[in-house]
Structure formats: structure tokens, C-alpha cells
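Enquirer: After the C-alpha cells below, expect a handful of questions from me.
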Amino acid sequence: PKFLSKHIRTGAISTDSSEFETAENETKARIKHLMECKGSQSVDSFHKALGKIMWEYCGMARNKTGLEFAIAEIRKIKDQFWKDVRVPGTDKGMNQELEKALRVADFIELGELMCMDALQREESCGGHFREEHQTEEGEALRRDDEFAFVAAWEHNATGEAILHKEDLEFKDIELKQRSYK
């Protein structure tokens, strides 16, 4: 049971850096805003609204129109969340609703990025099917010439999402169009 704990020796992590101070201050500001908002909607209502959009428009089958709609709707949810969320209790001690609110705020950001990523990736690949990108037989249509990369998103200082790409190299396997027939 204690096998890994005996082998992990990272030591204490210093909190004496400007990056730590910035992250701590940003988190305190988010918590303060959430506690002072005193809105009319529960955290769960935002979570459910986001989940419905993700299920309907960014699931296994998706299309450009639906993804564009989802991004717009998620941005509305994000705006409404920060204006009208209700977090009962206080920020002193344990508050599960506050914890949930912070997680849902992150889920909203993640959902938006997932939709943006799915929108820019104009191919069907793996378990994700873009309806506009299928073979005549209805199979997923890969576009390895344009999409053989790993994508990572970064928010810049102004909050804009920037896509970073790292090309994939395939030396020992051959990329092939998948068929379930």
C-alpha cells in the first residue's frame, strides 16, 4: 500500500515565487467574486446546461453548425455564470458548493475549448465523427495530410485561446482509413 510513497521524493515546493503569488491572488479574487455574486441560479443549473450542450453538440457525432452554436451558447453560459451564480455558505472553512462552483467554472472553459478544438479539426478521427467528413459509405473520413498533429490550447494574457500544434511522426505504423465493414 505504501510502495509509491516510499519512492516519490519531490520535497517541499516553495511558495516564494511571483508565479505562486499571482496564482494565489487570482484564485482569491475568483472565490471573492463567487461569494459576493449572490445570484439567483444554482451551480448545478449551470453544470446541467453545459452538460446538455456538450452532449447535443460536441458528442461522438458533431458538425460545424452545431459546434458553432455550442461555442456561442457556452459563452452565454459563462457570462451568465459569473453574473448570476448563487453559492450558499461562506468561504471560511469547507464549502462544497464553492468547490463545485470553481470546478464548474473550469468545466465551462474546458467545454468551450473542446468545441473550438472539434470545430478546427475538420476530419473524422477515432471515436469522433464530423458529419461533414465521411466517405460515400458513411465511414469516418480521416485527413492525415492536414491533421496529423497533437493539439494543445493556451489562453494568452488577454484570455484568447491560442492553438499550438506538434506534428506526429509515424515510423513503425502506417496511417490508414478505418472501416468497420
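Enquirer: Using a 7 Å offset from the Cα along the Cα-to-Cβ direction at both Glu122 and Glu136, what is the distance between the two label points in nm, to one decimal?
Expert: Using points 7 Å along Cα→Cβ, the separation is 2.2 nm.
Enquirer: Right, next: Extending each Cα 7 Å along its Cβ direction at Ala151 and Asp91, get the distance between those two points in nm, one decimal.
Expert: Roughly 3.4 nm, to one decimal.
Enquirer: Then there is this: Which sequence of Arg62, Arg130 reflects their accessible areas, 1.4 Å probe, from the largest down?
Expert: These residues rank, largest area first, as Arg62, Arg130.
Enquirer: Let me ask something else. Report the full-extension gain for the segment Ile13 to Lys176: residue separation times 0.36 nm, less the Cα-Cα distance, to one decimal in nm.
Expert: 54.1 nm is the gain from fully extending Ile13 to Lys176.
Enquirer: Okay, next question. With a probe of 1.4 Å, find how much accessible area the chain has per residue, and write the answer as a whole number in Å².
Expert: 71
Enquirer: Using a 1.4 Å probe on the protein heavy atoms only, what accessible surface does Ser14 show? Give it in Å² to the nearest 10.
Expert: 80
Enquirer: Just going by the charge dipole of the range 17-166, with Lys and Arg at +1 and Asp and Glu at -1 on Cβ, which of Ile162, Ala101, Gly59 is farthest out on the positive end?
Expert: Ala101
Enquirer: For a quick check of understanding: with a 1.4 angstrom probe and all protein chains in place, what accessible area in square angstrom does Asp172 have, to the nearest ten?
Expert: 150
Enquirer: Oh, and also: Compute, for the range 47-181, the length of the dipole vector about the Cα centre, with Cβ point charges of +1 (Lys, Arg) and -1 (Asp, Glu) only. Units Debye, rounded to 20.
Expert: Charge dipole of the range 47-181: 700 debye, to the nearest 20.
Enquirer: Which sequence of Leu119, Leu175 reflects their accessible areas, 1.4 Å probe, from the largest down?
Expert: Leu175, Leu119
Enquirer: Looking only at the chain, where both bridge partners belong to it, what percent of the DSSP beta bridges are antiparallel (to the nearest 5)?
Expert: 70
Enquirer: May I pose another question? Tell me which DSSP H helices of the chain clear both cut-offs, 30 Å or more of axial length from alpha-carbon atoms and a mean Kyte-Doolittle hydropathy of at least -0.5.
Expert: Helices passing the filter in the chain: 96-120.
The values are calculated or read from the model by the stated rules, or taken from the named source; none is laboratory data. Note that the structure is predicted; figures quoted are calculated from it, not measured. Quick reminder, even Gly has a Cβ in these numbers, built from the backbone with ideal geometry, and neighbours come from all protein chains shown. The area values use the complete protein model at the heavy-atom level, side chains included, leaving out ligands, DNA and RNA. Shrake-Rupley method; radii C 1.70, N 1.55, O 1.52, S 1.80 Å.
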